[in-house]
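Here's the structure, in structure tokens; my notes come after.
The values are calculated or read from the model by the stated rules, or taken from the named source; none is laboratory data. Everything numeric in this text was worked out from a predicted model, so none of it was measured. Don't worry about glycine lacking a Cβ; one is built from the backbone with ideal geometry, like all the others, and counts go over all protein chains shown. These accessible areas exclude ligands, DNA and RNA; they are computed on the full protein's heavy atoms, side chains included. Shrake-Rupley method; radii C 1.70, N 1.55, O 1.52, S 1.80 Å.
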Amino acid sequence: MELDDDHEGTLIQRLLHALPQTQCQRCGYPDCAAYARAIATGNAAINQCPPGGAEGVQRLARITGQAALPLNPDNGAEGPRSVAWIDEDWCIGCTLCIKACPVDCIVGGNKRMHTVIESQCTGCELCIPVCPVDCIALENVTGTRTGWQAWSQAEADSARERHAFTSWQRKRAEAEHAERLEQKAEEKLAHLPELTKGATDAERDRKRAVIEAALARARAKRGQGLG
């Protein structure tokens, strides 16, 4: 499928709006936006979103003009919407689930009890495999309602906004960290003669190479920007 930039951008936004915004990665892509982009460019089928279910496939079919397909079982099955629940008696406060949550709905600090803000949880399940003490479970909150019947457009829009803001925050933090590393590497290079006083030429060259490599990595990371 070949599209001009304006048409492709509009199509991606329409497809993205038709997805439930769980950011669960079950489609095989890192988030809903990446999946929408893959559909728009003909690199992904319209039946790879289990949270959207059969109705979700129908929505994508109408937008793309393609024939509706059964949900691909390789991506999962349609089901009710669940939210994560943390057994606070077992939580060790490792923060791994906080880092994995795409919508930043888990609160808590290092070595402190974590809890899920239920109203903001998309049920993506990404927090479950990273928990080292297996203290996270899923709770069905929509009964027999599945797919888009388990979601409202307002809930999807809210999840999309939280994901966008969370992604921006994390990219900014990464860029700031990279900038600090870059500054440290530049300082070490500037003072390398002092830091390697008495070292052999080979040892001095080795340390210079290590610092220059670290500097290059930091600059490349910072150069990615906030997107």
inquiry  = Condition check: under 22 Å from TRP168 (Cα atoms) and among the acidic types (Asp, Glu). Does ASP87 satisfy that?
reply    = no
key: Given (1) over 29 Å from CYS49 (Cα atoms); (2) among the polar types (S, T, N, Q); (3) in contact with a strand residue (DSSP E or B) (Cβ under 7 Å, 6 or more places away or on another chain), number of the condition THR146 does not satisfy   = (1)
ask   = Hey, any hits in the stretch 46-58 for a residue that's open to solvent by 70 Å² or more (accessible area, probe 1.4 Å) and over 25 Å from THR144 (Cβ atoms)?
value = no
request  = Would you mention how many residues in the stretch 9-29 are hydroxyl-bearing (Ser, Thr, Tyr) and either in contact with an Asp or Glu (Cβ under 7 Å, 6 or more places away or on another chain) or buried (at least 24 other Cβ atoms within 10 Å of the Cβ) (or both)?
outcome  = 1
Residues being over 18 Å from CYS124 (Cα atoms), in contact (Cβ under 8 Å) with a residue 12 or more places away in the chain and of a type outside the set (Gly, Ala, Ser) - total across the stretch 46-71 = 10
note = Exactly one of ALA218, ALA199, ALA209 is farther than 24 Å from ALA33 by Cβ, over 17 Å from the mean Cα position of the chain (by Cα), outside any helix (DSSP H, G or I) and of a type outside the set (Phe, Trp, Tyr), and that one is ALA199
inquiry  = I want to confirm something. Restricting to the stretch 91-120 and keeping residues that are closer than 19 Å to ALA150 by Cβ and of a type in the set (S, T, N, Q), which single residue is most open to solvent (accessible area, probe 1.4 Å)?
reply    = SER119
note = For the stretch 121-169, the count of residues that are open to solvent by 80 Å² or more (accessible area, probe 1.4 Å), over 24 Å from ASN75 (Cβ atoms) and either in a helix (DSSP H, G or I) or small (Gly, Ala, Ser) (or both) equals 3
